[in-house]
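The values are calculated or read from the model by the stated rules, or taken from the named source; none is laboratory data. Everything quoted here is computed from the prediction, not taken from an experiment. A quick note on method: Cβ atoms are made from the backbone with ideal geometry, for glycine too, and the neighbour counts reach across all protein chains shown. Heavy atoms of the whole protein, side chains included, go into the accessibility calculation; ligands, DNA and RNA do not. Shrake-Rupley method; radii C 1.70, N 1.55, O 1.52, S 1.80 Å.
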Amino acid sequence: DKHALHNQKPGRAFQNYDTSQQQQQEDPIFQPFRMHFDVSELLAWKDTSPDNEARIDFLTSKVLPGMATIWSSALSVMPVQGPLKIDFQWCPFGHHNNQAFKEGIPQTDIVIFVTANSEVCERGPVLASALACYWDQFERPIGGNIDFCLNTIETQNILPLTHTGEHGQTKSAAMETLQSNLLNNNSPTTQPKYDHMLRMAIGTAAHEFAHILGVTSADLLFFYDWETGKPRTPEPVQQLVHCVDGDYQTLWMPQETTLKQVKTDTDNYFLVTLPTVRQVVRNQFNCQSIEGGRLENQPTNGDCFGTHFDERYFFTETMSPVSAGIPEILSSLTLSLLHDSGWYMPNYAVAKVSPWGHAAGCSFLEEDCIQNEEVPDFGEGFFCNEPIDISNGKIKKGSYGCDPTHTHIAMCDLVDYGYLQGIFQPPPEQFQYFSENPVSASIHCLYLFCLHLIMPIIEAGFVGGNSGLLSHIHSRIDLVP
């Protein structure tokens, strides 16, 4: 029943939203998005080491403000009237006597508890994880947690950024410069390596924040139609679902106008079929027959449907599952999904055009990325077929070109898995694109083993401070409460 359904989000509280006729006449219902960061638990890590102190200064002085600038410019929301109070029982972060749990935070629409080094960080090269933990009466998230894995932040690339500002700027002036540069797509700093690290870190924070806002498959069930104000799935039903990882689960399912499963002889995946999302995807690829945005079917976080857009088709999108060493793009795709939630009004002027697959046509979506061992016409500039030379697990040389964002020099990631025995499993048969050497494929299975110019290079060295084969690849793990 619906009570059982709502119990999937047990931490819920009524908020006062002024929707009177007077307000509608004088002011827009949707106002700029206000957010509050509770960093009390994060700050506790400052005393553990000088490196962690530098990392936390970097997060609090650069990354979180930069991320807040992006999202507050990109979204408006129906503002909470009065202090926003969070229940510690559902968001047990920091101290239970913190302001957010007692009298509440005034002038804010969401409270984010920022923490570090949770057990998720022990699972591998994970940059950060996130979850929503509290919702309002319309199921909009109003409380959440972002957890950063501090050891993935390399101090040699951040120490200059923790200073007050470049050219002797005051702290406030430096912050204004940072915000202006981010909004105008300029370089945040005058130093390329530090600029790259900052953009990557802000991109990771923006990605995790989007999951808290509602970019998860679990939230699709609770979306509202922004034109009618009614739930998109008014009568949810439980179904036995064949998940993308092969398991079966009994789950509450959104209507097919929100989420649709596609099963073939060789594939099983889900499409987000929301109206604005569908049109944005059609425009992105110049393919008006596509039904929606495909979700990942390589399980990066154990989600039944996939909670990111698929890497093969949305490689440069900020809501793809893997951070591949290049700053991703906040495009209209992510904003359209949040728009179709009914909770937010996006400012599409903030979005950037994602170059990956742009205007490439339906063939880009429907056909193999390598055909007869060659890059097909629709794949020119996106895929590649030149191998890289590997010795002792490190890259020595390869074929160069522009990376998918058209901002960096990069190498083709075609490798012979024979050199990687004991490290990686060779690709499945359906992804073996080269008959003479069937174990040659992309090293990154999340792209369906398609070959990309994705090994970014800065000043003749790999991003990450070494030439390790996967030093630039990190996962983002997003937790569903």
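If amide H atoms are built 1.01 Å from N in the plane of the peptide, which residues on other chains or at least 5 residues away come under 5 Å of the amide H of Ala116?
It is Phe148, by chain and number.
I'd like to compare 150-158, 228-236, 275-283: which one has the highest average count of other Cβ atoms within 10 Å, and what's the full order after that?
275-283, 150-158, 228-236
In whole Å, what is the distance between the alpha-carbon centres of segment 326-388 and segment 103-143?
That distance is 28 Å.
Greater than 29 Å separation of Cα atoms is the criterion. Which listed pairs, Lys46/Lys85; Lys46/Lys352; Lys62/Lys230; Lys62/Lys260; Lys85/Lys193; Lys62/Lys352, meet it?
On the way: Lys46/Lys85 27 Å; Lys46/Lys352 36 Å; Lys62/Lys230 39 Å; Lys62/Lys260 39 Å; Lys85/Lys193 40 Å; Lys62/Lys352 22 Å.
Long pairs (Cα-Cα over 29 Å): Lys46/Lys352; Lys62/Lys230; Lys62/Lys260; Lys85/Lys193.
What number comes out for accessible area per residue over segment 217-318 if the probe is 1.4 Å? Units Å², please.
Values: 4350 Å² over 102 residues.
Per-residue value: 43 Å².
How many nm is it between the label spots at Ala13 and Glu103, if each spot is 7 Å from the Cα in line with the beta carbon?
Computed distance between label sites Ala13 and Glu103 equals 1.5 nm.
Expressed in nm to one decimal, what extension gain is obtained for the pair Lys230 and Thr264 from 0.36 nm per residue of sequence separation less their Cα-Cα distance?
8.9 nm
Just subtract the alpha-carbon distance of Ser118 and Ile29 from 0.36 nm times their residue separation and send over the number in nm, one decimal. Could the numbers behind the result be given before it?
Details: separation 89, 0.36 × 89 = 32.04 nm, distance 3.79 nm.
Using 0.36 nm per residue and subtracting the Cα-Cα distance, I get 28.2 nm.
Note down the nm distance, to one decimal, between modelled labels 7 Å out along Cα→Cβ at Asp389 and at Gln137.
Distance between label points: 6.9 nm.
So for Met67, Met78, what's the accessible-area order with a 1.4 Å probe, most first?
Correct descending sequence by accessible area is Met78, Met67.
At a 1.4 Å probe radius, carbon and sulfur cover how many percent of the accessible area of segment 239-359?
That share works out to 49 percent.
Could you point to the residue in Gln89, Thr115, Ser73 farthest towards the positive end of segment 57-157's charge dipole, with +1 and -1 charges on the Cβ of Lys/Arg and Asp/Glu respectively?
It is Ser73, whose Cα lies furthest towards the positive end.
Mind listing the phi-derived Karplus ³J(HN,Hα) values for segment 114-127, rounded to whole Hz, using 6.51, -1.76 and 1.60 with θ = phi - 60°, and x for any glycine or proline?
Result, ordered by residue: 9, 10, 8, 6, 6, 5, 4, 5, 7, 8, x, x, 9, 6 Hz.
Tell me, what is the FRET efficiency for Asn283 and Val350 to the nearest 0.05, using R0 = 25 angstrom and their Cβ-Cβ distance as r?
Efficiency computed from Cβ-Cβ geometry: 0.90.
Report the charge-dipole magnitude of segment 207-295 in Debye, nearest 20, computed about the Cα centre from +1 at each Lys and Arg Cβ and -1 at each Asp and Glu Cβ.
260 debye
Can you give the accessible area of Glu366, probe radius 1.4 Å, in Å² rounded to 10?
Rounded to the nearest 10, that gives 120 Å².
Between Gln31 and residues 5 or more places away or on another chain, which pairs have amide H atoms under 5 Å apart, with H built 1.01 Å from N, and which residues are they?
Long-range HN contacts for Gln31: Val77, Met78.
With N residues in segment 211-272, what two-decimal value do you get for its Cα radius of gyration over 2.2 N^0.38 Å? Intermediate results must be reported in sequence, preceding the final value.
On the way: Rg = 12.7 Å, N = 62, 2.2 N^0.38 = 10.6 Å.
Against the compact-globule rule of thumb, the ratio is 1.20.
For a Förster distance of 30 Å, can you work out the FRET efficiency between the beta-carbons of Gln430 and Glu374, rounded to the nearest 0.05? Write out the running numbers ahead of the final one.
Details: r = 18 Å, r/R0 = 0.60.
Taking R0 as 30 Å, the efficiency between Gln430 and Glu374 is 0.95.
Order Glu119, Glu53, Glu328 by their accessible area, 1.4 angstrom probe, all chains in place, largest first. Present the calculation step by step, with values, prior to reporting the outcome.
On the way: Glu119 120, Glu53 85, Glu328 40 Å².
Order by accessible area, largest first: Glu119, Glu53, Glu328.
List the aspartates and glutamates whose Cα lies under 14 Å from the Cα of Lys102, skipping any in the same chain that are fewer than 8 positions away.
Asp38, Asp87
For a quick check of understanding: with a 1.4 angstrom probe and all protein chains in place, what accessible area in square angstrom does Ser336 have, to the nearest ten?
For Ser336, solvent-accessible area is about 0 Å².
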